[in-house]
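Enquirer: Please find one structure pasted underneath; my questions will follow.
Derivation of every value follows stated rules applied to the coordinates shown; laboratory data play no part. Please read these numbers as outputs of a predicted model, since none were measured by experiment. Using ideal geometry, Cβ is built from the backbone for each residue, glycine included, and neighbour counts are taken over all protein chains shown.
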Amino acid sequence: MITSSGTIKVSTKIDENMQKELSHKSFIFALVSTVLGAVGVAAYLVLELISFFTDLKGDFFAILFVFAVFLGCGLALLILLKKAASLARNSHKVHIYEFFSGYFTISELFNGEPVATVKVYNNQIVRAKETKNYFFFYVNSSAAYPVAKLQLSPAELNTLRLVFRLPADGETVDLSTQAPATDNFLPPEDPFEEFNNKGD
């Protein structure tokens, strides 16, 4: 929503849905790797069984090794993603974002109590990604700030797309240059580093 100060303000609950959307591509990769690995290991067992009863020759162990790597990596990534979703499910955290011209602030609430405030300049965002329900703004290759889109108007969505170099088409709003009330900010990675995007 647009505030009386001319900023965009939006809250985002840190929950399992957010984490799943953040890790969607990683989940697909892990699932494909696991299935491919399982099929390969099964094929190895079938070939070994056939070779036991026939004269079939071949270095089937190489097949086992390759597909066992796929299977192991896929399972490990699925476990990591499940753990990340569990952390988000039980986090009881909400991020309150306020977007100014040139930077934005994030206030983190835990069980409704403010615990940290972060100021991030727009040029600190190295990558932005838009999914169905969220923007994800990355301060490095793995740590992302999730911003829920549901509360934002089309003009506000287009403004954020334009600011963070995502495809935008349509009406936008002018953001305020007014400084926030507090200067007690933490470095941007500190309170949010537990939400990582593994391999996406």
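Enquirer: Would you calculate the separation in nanometres between label points at Leu49 and Cys73, each defined as 7 Å from the Cα along the Cα-to-beta-carbon direction?
Expert: 2.8 nm
Enquirer: Here is a follow-up. What full-extension length gain, to one decimal in nm, is calculated for Val66 and Asp174 as 0.36 nm per residue of separation minus the Cα-Cα distance?
Expert: 33.4 nm
Enquirer: Further question: Past the 22 Å Cα-Cα mark, which pairs from Lys13/Lys83; Lys13/Lys149; Lys83/Lys149; Lys9/Lys82; Lys25/Lys93?
Expert: Over 22 Å Cα-Cα: Lys83/Lys149; Lys9/Lys82; Lys25/Lys93.
Enquirer: What full-extension length gain, to one decimal in nm, is calculated for Gln124 and His92 as 0.36 nm per residue of separation minus the Cα-Cα distance?
Expert: 8.9 nm
Enquirer: Using a 10 Å cut-off on Cβ atoms, rank the peptides 15-23, 65-73 from the highest mean neighbour count down.
Expert: 15-23, 65-73
Enquirer: Multiply the residue gap between Ala42 and Ala155 by 0.36 nm, knock off their C-alpha separation, and tell me the result in nm, one decimal place.
Expert: Taking Ala42 through Ala155 to full extension adds about 35.4 nm, to one decimal.
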